[in-house]
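The structure appears below as C-alpha cells.
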Amino acid sequence: MSLSRRSFFRTAGAAGVGLLSSDFISARGREAFAAIQSSAVAGYRPQGAAQARRAIIKISSNENAYGPGPAALDAARSLLGPAAGRYPTNVPDLAAAIAKHFGVEPQNVLVGTGSGEVIEAAVMAFTSPTRPLVSALPTWESPARTARRIKASVKDIRVDADLKLDLAATTAAAKGAGLVFFCNPNNPTGTVHSKAAVTKFVEGVLAASPQTTILLDEAYYDFVVDPSYATGVPLAMKYPRVIVTRTFSKVHGMAGLRVGYAIGHPDTLKAIEPHKTGDLNVVSAAAAAASIQDTAHVAKQRDQIRTTLEATVRTFKEAGCRVSDSQANFILADVKRPAKEFREACEKMGVMIGRDFPPLTNWARISIGTSDEMRVANDVFKKVLAAPQTTASR
Ligand SMILES: Cc1ncc(COP(=O)(O)O)c(C=O)c1O
C-alpha cells in the first residue's frame, strides 16, 4: 500500500459497523488521492489528517456525499456477522445481479474492486510499447498513468473547443492502438457524446483498426440528462472489441466499498481478468447487489444532485464564468484566473475543490456535495470570484 493510501486509511480510522454511513464508506477525497499519487499537478495537496479533522467541505473528488442508500447499508450490515468469517463464495451473486440489471449473462460481467481496477487491468491487457493507449486531455488520469508505468506509449488527444472528446482526432489516433479510453461523460469536463455519435465513432475505429479495443467509461452514466445520450452496453454486446465500465462509487455513494465492473464479450473479459489484483469482499458485494436493484433510490439521488448542480452552475454564470455542459456530478468552470489560485482561496475559507486539469489551467472542477454543503460552498465561490485577482488571467 502506498504512503498516501496508508495515511488515508489512518485518517479514516478503524472501520466498524457504526461507521457504515460515514465518510469512510463514501471515501470522500479518494479520487483526488488516487490522482495525486503520481501526478505532477503542482501545488495541489489533498487533505491530510489535520485538515480532515477541521470542518472542511470536501468537494475535491467526484463522490456522492450522501453515501450509500438504505438498502445497500442494510445489506452491508447483514454480512457483518458470522457470514463475514467465510471466504467470499457469495461474490458471484453480484455479477448475476449486474447481469440481470442489464439483461446480459453473468459471463458478460467482470467485477472489480472499483472500476479503476478493471480499467487498469484493461490497459495492461491491451497496451504495450508498440500498442499505444489513446486517451483525452484532460480526462480521468488513471489509464494514462497505468500505460506510462508499463512503458506503453500514450496518445493524448486534447478536447475540442466545446470541451468534448475530439472524435475525429481520436479516430485518427486509434489506428494501430491497443486501447482507446473513451470517458463518456468525460471527467473533468462532464461533457457527453450522443448515442449516434458514439456508435459512429466506435464503428469507424473498428473498421479502420480492427485489433483496437475501445473502453467506454460510463462512471457518471446515471447523472446524464441529455436525451441524445445512451449507454454503450449494446455496442459492447455486439462488438467483442468494445467494453463498458461502470462503478458503484458515484451515484450509488459507495466509493469506499470499492466496487466497479466491465460489461463485454466473455473472451475480452477473460483477457483482462488475469491483470486484476483486487479481491472483492462480501460486504461490498452484498451492498452493491442491493444498490443496483434500488433504482428508485438511484433516481432520487440523481435528481437531488442535479438540482444542486444547477444551482452551482448559476453561481458561476452569474459571476460571468463560462461553465462546461456537465452531465455528471461535478462542474468545470472557467474561473478567469489560475485554478490553483481559486482553489487556494476557497480552501482558506473551508472549501476544498478539485485538482488542476492541465492544459485547462483556468478551469476549476467542483464536485457536487450535499445541498447543505453546496449552499455554504456557493457563498464561498461568490466571495472568491468577487475578490480582486492576484494573478492576471490569460
Ligand atoms: C471517469 C472515471 N472512471 C473511473 C473512475 C474510478 O472509479 P472507481 O475505481 O471508484 O470505480 C473514476 C473515479 O473518479 C472516474 O472519474
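None of the figures in this text is laboratory data; all of them are computed from the coordinates on show. Since this is a predicted model, take the numbers as computed values, not measurements. Reconstructed Cβ throughout: ideal geometry from the backbone, glycine too, with neighbour counts over all protein chains shown.
Looking only at segment 180-234, residues that are within 22 Å of residue 144 (Cβ to Cβ), among the β-branched types (Val, Ile, Thr) and out of contact with any Lys or Arg (no Cβ under 6 Å at 6 or more places or on another chain) come to 8 in all.
Residue 284 meets all of the listed conditions (1) more than 30 Å from residue 170 (Cα to Cα); (2) within 15 Å of the ligand (Cβ to nearest atom); (3) not in a helix (DSSP H, G or I) but one, namely (3). Residues in segment 220-235 that are closer than 19 Å to residue 210 by Cβ and away from the ligand (no atom under 16 Å from the Cβ): 235 only. Taking the stated definitions as given, is residue 98 within 16 Å of the ligand (Cβ to nearest atom), of a type in the set (Val, Ile, Thr), assigned to a helix (DSSP H, G or I) and farther than 30 Å from residue 168 by Cα? Yes; evaluated as a whole, the condition is true for this residue. For segment 345-375, a residue qualifies if it is outside any loop (DSSP other than H, G, I, E, B) and buried (at least 16 other Cβ atoms within 10 Å of the Cβ), and the qualifying residues are 345, 346, 347, 351, 352, 363, 364, 365, 366, 367, 373, 374.
The residues on offer are 306, 258, 302, 246, and the sole one that is of a type in the set (Lys, Arg), more than 12 Å from the ligand (Cβ to nearest atom) and over 16 Å from residue 70 (Cα atoms) is 306. Every condition in (1) more than 15 Å from the ligand (Cβ to nearest atom); (2) surrounded by 20 or more Cβ atoms within 10 Å (Cβ to Cβ) holds for residue 253 except the one numbered (1). For the subset of segment 102-117 comprising residues that are more than 8 Å from the ligand (Cβ to nearest atom) and part of a helix (DSSP H, G or I), which member is surrounded by the fewest Cβ atoms within 10 Å (Cβ to Cβ)? Taking the candidates together, the pick is 107.
Scanning segment 71-108 for residues that are within 30 Å of residue 365 (Cα to Cα) and touching an Asp or Glu at 6+ places or on another chain (Cβ under 8 Å) returns a single hit, 72. Filtered by the rule that a residue be in a helix (DSSP H, G or I) and out of contact with any strand residue (DSSP E or B) (no Cβ under 6 Å at 6 or more places or on another chain), segment 331-344 gives 340, 341, 343, 344. Suppose the filter is part of a loop (DSSP other than H, G, I, E, B), over 23 Å from residue 224 (Cβ atoms) and of a type in the set (Gly, Ala, Ser); does residue 173 pass it? It is false that residue 173 is part of a loop (DSSP other than H, G, I, E, B), over 23 Å from residue 224 (Cβ atoms) and of a type in the set (Gly, Ala, Ser). Scan segment 204-256 for residues that are among the small types (Gly, Ala, Ser) and either in contact with a helix residue (DSSP H, G or I) (Cβ under 9 Å, 6 or more places away or on another chain) or in a loop (DSSP other than H, G, I, E, B) (or both) and jot them down. Within segment 204-256, 204, 208, 209, 219, 228, 230, 232, 236, 249, 253, 255, 256 meet the criteria. When segment 146-163 is filtered for residues that are surrounded by fewer than 19 Cβ atoms within 10 Å (Cβ to Cβ) and within 16 Å of the ligand (Cβ to nearest atom), only 156 remains. Number of residues in segment 118-170 that are under 20 Å from residue 209 (Cβ atoms) and either part of a strand (DSSP E or B) or among the acidic types (Asp, Glu) (or both) equals 11.
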